[in-house]
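First comes the structure, then the notes that go with it.
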Amino acid sequence: MSEALSDHAVHTEHLTKVYKDFWGRDKVRALDDLNLTIHRGEVFGLLGPNGSGKSTTIKLLLGLIFPTAGSASVLGHPAGSTQVNEKVGFLPEESYLYRFLNGEETLRFYGRLFKLSRRDLNRRVPELLDVVGLDAKARKRKLREYSKGMARRIGLAQALINNPDLILLDEPTTGLDPIGTREMKDLILSLKAQGKTVLLCSHLLADVQDVCDRITILFGGRMRELGHVRDLLQVKDITQVQARSLTDSQIEELRQFLARMGAQTEVTHPTTTLEDLFMRVVGENARIAGASGDGNGNATITARAGMATTPVKETTSADR
């Protein structure tokens, strides 16, 4: 294991997955030449429309399927190796749990799979049930009686039972009400504060924008955008000037000529939303795919092109 790879939570080089038909011919190129590095201790968003390669990427990182070409390492080890599996937690989009067990029994069952001691289980199980917001009554109910939101909570607790270093969350807020969604986002941020790495897949772009440090957008199996959320959302060709506590005369003077102002000002770039960025990237690549022909059988997605950005005027106290 190289020192460089050990510093990364996830690292892929030319990672490619091609599904073949019965005759061994290429049918779908689900992931194409993915080069991606996720640093330890960050919350990373994996975004894209249906069929973009998100689920394939997660399966490759977990070792559930094998790449056609390229390589992937997780926590410094080859993806899917026994050395790394015990350090990874995974919340799938649909949790397949034993419905005849209750919440507490479910966590104890999975804890024993990770060979946790009885002492550790006695401490960890109630701690996690509190963290995900399942009260004493709910934790004793059979999972078949759980609502979708409750099932999501116990699924998250199960993903954390082994105190993993890397947590993969696929649509973690599905089925949660606004309060539960806020609690989930707070939990993700608390995991980051503990030094954990979180890989988040979600179609709820506002949630991603709230918690992720960096994101990538996949389309047609290829990476189309990568960077820090704050950088990607900046509108570079518009400058926004903000000033505090200006008098009416100062406001008028500022409008006439900013250089004559004696007040302190803050000059920043306004931001668009992650949803607008997502739609622009997907829309542009959908048109390219439509023009060139997409041999993967991916459906063409009609998306609004460009970021809907209204020119920003000077924001002053009189405008509030």
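So which of T216, T197 ends up being under 25 Å from L134 (Cα atoms) and among the hydroxyl-bearing types (S, T, Y)?
The conditions single out T197.
I'm told L64 meets every condition in (1) buried (at least 23 other Cβ atoms within 10 Å of the Cβ); (2) not in a strand (DSSP E or B) except one. Can you identify the failing condition by its number?
(1)
So if I check each of T56, T82, which one is buried (at least 20 other Cβ atoms within 10 Å of the Cβ), in the same structural domain as H14 (by TED's automatic domain parsing) and of a type in the set (S, T, N, Q)?
T56
Out of all the residues in the range 67-78, which are in a loop (DSSP other than H, G, I, E, B) and over 19 Å from D165 (Cβ atoms)?
P67, T68
Specify the residue that is farthest from V198 (Cα to Cα); the eligible residues are those in the range 96-135 that are of a type in the set (S, T, N, Q) and crowded, with 18+ Cβ neighbours inside 10 Å.
Per the stated criteria, the residue is N102.
In the range 136-241, which helices (runs of 4 or more DSSP H) lie fully inside it and hold 1 or more residues that are hydroxyl-bearing (S, T, Y) and surrounded by fewer than 22 Cβ atoms within 10 Å (Cβ to Cβ)?
In the range 136-241, the matching helices (runs of 4 or more DSSP H) lie at 178-193.
The values are calculated or read from the model by the stated rules, or taken from the named source; none is laboratory data. Quick caveat, the model's predicted, so the values are computed rather than measured. Quick reminder, even Gly has a Cβ in these numbers, built from the backbone with ideal geometry, and neighbours come from all protein chains shown.
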